[in-house]
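K.L.:
One structure is given below, represented as structure tokens, and several questions about it will come after.
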Amino acid sequence: MRRRDLVTLIGGTALAWPLAARAQLPAMPVIGFLNSRSPGDTGHLVAGFHKGLSENGYVEGRNVAIEYRWGMGDYERLPALAVELVERRVGVIVATGGEPAGVAAKAATSTIPIVFVISGDPAKLGLAASFSHPGGNSTGVNSFTSDIGAKRLGLLRELVPQSVKIGLLSNPAFPTAETQLNDVQEGARRLGVEIDVYRASTESEIDAAFIAMSLRRPAALIVAADPFFDTRRVQLVVLTARRALPAIYHLREYAAAGGLISYGIDLPDVYRQMGSYAGKILKGAKPADLPVVQPTLFQLVINLQTAKTLGLTVPQSLIAGATEVIE
């Protein structure tokens, strides 16, 4: 063999070897992350999701990729975004931000595994056959947020004990709105309180609802659990402050933003649970075999500075039972 031919052969082999080696590397799995909310207000939740992934050895950018799709509080966008993720051929879809995301993902695929977080009954929504045996391609977390409205009403009544009329701000476009309303009204009957319902599905309707409150003058307000409201929590906290209206919310985020009081699940931990399930599925677990889990961590957060501004005295019993007191 001539020297020139030998050099060409060696050089060609050297070039071909890295290509062959790269071809043998396993493809990085891809997670589709579908969220009803917006990226600007969910950084702490995404961090919780990453924590759950890391519990199973996955780190974004190192050994897993994540495709993010955001509904921006507009539930009608979610079906098309879910289809995008299906066409991207992701390994699992994590549907976050309540029922609309989970239902959109389920409608888009019957084969790609889905991990959801919802507040209602997964069987009624067609997302799982039962809590313990989901069956099919989806499982996740049931967050309870539609079933503790009466508890929030009771907490609010402790802060405003003489109130006989309390407002409820609800989004009729959210699937569990009616369930939440029924739960609050049942609690109101036990307490002898009248519930004055205000409905809003857009920013302008939120403004209109608070104008109506100025006229009808409820003594306090319950803001229903809803991802659309979560994306506009600053607007809601500002409007309640302008009207000196005591209000209770379902997430710590509101109290941290200046809201009076919140009671509900530890949402970052719920996202951690979802990340853990997504990691298990990437490792080969089947959604049908992973039970729908329920959160064990609940948070009662009281903003004492807001209470002082409203001229309210927070009972020591509430303070003693609080997860966090914001001075």
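K.L.:
Distances over 33 Å make up what percent of all Cα-Cα pairs in the chain?
P.N.:
Cα-Cα pairs of the chain separated by over 33 Å account for 34 percent.
K.L.:
Per residue of the chain, what 222 nm ellipticity follows from adding -39500 (n - 2.57) for every DSSP H run with n ≥ 4, rounded to the nearest 500?
P.N.:
Numbers: 13 runs with 141 residues, N = 327.
It lands at -13000 deg cm²/dmol.
K.L.:
Let me ask something additional. Please give the helix 43-54 orientation as an angle from the longest Cα principal axis of the chain, in degrees from 0 to 90, rounded to the nearest 10.
P.N.:
So the inclination is approximately 50 degrees.
K.L.:
If r is the Cβ-Cβ distance from LYS51 to ALA244 and R0 is 30 Å, what FRET efficiency results, to the nearest 0.05? Kindly include the intermediate steps, with their values, before the conclusion.
P.N.:
Values: r = 39 Å, r/R0 = 1.29.
After rounding to 0.05, the efficiency reads 0.20.
K.L.:
Just by accessible area at a 1.4 angstrom probe, what is the order of LYS165, LYS286, LYS280 from largest to smallest? Walk me through the numbers on the way to the answer.
P.N.:
Values: LYS165 50, LYS286 130, LYS280 85 Å².
Ranking LYS165, LYS286, LYS280 by accessible area, largest first, yields LYS286, LYS280, LYS165.
K.L.:
Suppose we keep just the alpha-carbon trace of region 121-226; what are its Rg and Dmax in angstrom?
P.N.:
Just the Cα atoms of region 121-226 yield Rg and Dmax of 16.1, 50 Å.
K.L.:
Can I ask one more? Can you work out ³J(HN,Hα) from phi for every residue in region 101-114, in order, using Karplus 6.51 cos²θ - 1.76 cosθ + 1.60 and θ = phi - 60°, giving whole Hz and x for Gly and Pro?
P.N.:
My calculation for region 101-114 gives 5, x, 5, 5, 5, 5, 5, 7, 8, 10, 10, 5, x, 10 Hz in order.
K.L.:
Now for a separate question. Going by average Cβ neighbours within 10 Å, how do the peptides 96-107, 188-199, 111-122, 308-319 rank, with the highest at the top? Walk me through the intermediate numbers first.
P.N.:
On the way: 96-107: 25.4, 188-199: 15.8, 111-122: 23.8, 308-319: 12.6.
Result, highest mean first: 96-107, 111-122, 188-199, 308-319.
K.L.:
If you don't mind, another one. Roughly what angle does helix 233-242 make with the longest principal axis of the chain, taking Cα atoms, 0 to 90 degrees, to the nearest 10?
P.N.:
20 degrees
K.L.:
As an exercise, identify the chymotrypsin sites (Phe, Trp or Tyr not before Pro) in region 269-310 lying in DSSP coil whose Cβ has no more than 12 other Cβ atoms within 10 Å.
P.N.:
Working: sites: TYR271, TYR277, PHE298; in loops: none.
Counting only loop positions with at most 12 other Cβ atoms within 10 Å, none of the chymotrypsin sites (Phe, Trp or Tyr not before Pro) in region 269-310 qualifies.
K.L.:
Please give the length that would be gained between SER204 and MET28 if that part of the chain were fully extended, namely 0.36 nm times their separation in residues minus their C-alpha to C-alpha distance (nm, one decimal). Spell out each step's value before the answer.
P.N.:
Values: separation 176, 0.36 × 176 = 63.36 nm, distance 4.36 nm.
Contour length minus the Cα-Cα distance gives 59.0 nm.
K.L.:
What dipole magnitude, in Debye to the nearest 20, does the chain give about its Cα centre under +1 on Lys/Arg Cβ and -1 on Asp/Glu Cβ?
P.N.:
Working: 32 positive and 29 negative charges, 163 e Å.
About 780 debye.
K.L.:
Considering only the other residues whose Cβ falls under 12 Å of the Cβ of LYS51, what net charge follows from Lys and Arg at +1 and Asp and Glu at -1?
P.N.:
Numbers: positive: ARG272; negative: GLU55, GLU60, ASP269.
Net of charged neighbours comes to -2.
K.L.:
I need to check one value: relative contact order of the chain, counting alpha carbon pairs closer than 8 Å and at least 6 residues apart, in percent. Write out the running numbers ahead of the final one.
P.N.:
Values: 649 pairs, mean separation 65.7, N = 327.
Result for the chain is 20 percent.
K.L.:
Here's a follow-up. What dipole magnitude, in Debye to the nearest 20, does region 179-327 give about its Cα centre under +1 on Lys/Arg Cβ and -1 on Asp/Glu Cβ?
P.N.:
Numbers: 15 positive and 15 negative charges, 7 e Å.
Roughly 40 debye, rounded to the nearest 20.
The values are calculated or read from the model by the stated rules, or taken from the named source; none is laboratory data. Please read all numbers here as calculations on a predicted model, not as lab measurements. Don't worry about glycine lacking a Cβ; one is built from the backbone with ideal geometry, like all the others, and counts go over all protein chains shown. Quick note on the areas: whole protein, heavy atoms, side chains included, nothing else; ligands and nucleic acids left out. Shrake-Rupley method; radii C 1.70, N 1.55, O 1.52, S 1.80 Å.
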